[in-house]
Amino acid sequence: MSDPPFYETMLETLGFEVMTAADGRECVDAYQRHGDQIRLVMLDHSMPRMGGVEVFRELRRLQSDVRVILCSGYSEREVTEDLAGEDLDGFLHKPYQLDTLREKIREVLDR
């Protein structure tokens with residue numbers, strides 16, 4: 001068995017129970033099954049089968065108030081241009097540190 005991905009470990013360190021998905025389609029499917037148990041979704045901009053922007057839109061179609069943080073190695077401006085007017089809850093530029101992750105999650109959940 002391999003070690004969990006670094007960002008999953010960071011979230012667990014912050015005390016969160018983490019559910020992961022291998023790709024965008026799996027994320028949407030998991031949200032359809034477990035959305036009532038999910039407080040926050042973190043998406044990578046570049047994911048197999050369904051990119052982060054597409055997943056964001058599908059999740060908002062399923063539940064308009066789902067809280068989403070989009071992560072990317074690209075600049076926030078480049079990534080969020082596609083989401084103009086769609087009220088993304090948060091953005092994290094990768095790589096990020098534990099303190100930055102903690103602050104962004106708190107900011108999004110405290111809204």
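Read-outs: derived from the displayed coordinates by stated rules, not from any lab. What you see is a predicted model, and the numbers here were worked out from it, not measured in a lab. Neighbour counts run over all protein chains shown; Cβ positions are idealised from the backbone, glycine included.
When only C-alpha pairs under 8 Å and at least 6 residues apart count, what is the relative contact order of region 10-106, in percent?
After rounding, I find 23 percent.
On each of the three principal axes of the Cα atoms of the chain, give max minus min coordinate, whole Å, ordered largest first.
Per principal axis, max minus min of the Cα coordinates gives 36, 30, 29 Å.
Which of the trypsin sites (Lys or Arg not before Pro) found in region 3-58 are in a DSSP loop and have at most 15 neighbouring Cβ atoms, other than their own, within 10 Å?
Passing both the DSSP loop test and the Cβ count: R39, R49.
What is the sum of charges, Lys and Arg at +1 and Asp and Glu at -1, for the other residues whose Cβ falls under 11 Å from the Cβ of I38?
+1
Calculate, in nm to one decimal, what R60 and Q97 gain on full extension: separation in residues at 0.36 nm each, minus their alpha carbon distance.
Extra length available between R60 and Q97 comes to 10.6 nm.
Treating the beta-carbon of each Lys and Arg as +1 and of each Asp and Glu as -1, no other charges, what is the dipole magnitude of region 10-106 about its Cα centre, to the nearest 20 debye?
Here the size comes out at about 140 debye.
Toward the positive end of the charge dipole of region 10-106, about the Cα centre and with charges on Cβ (Lys, Arg +1; Asp, Glu -1), which of M10, G52, S75 goes farthest?
Towards the positive end, the residue furthest out is M10.
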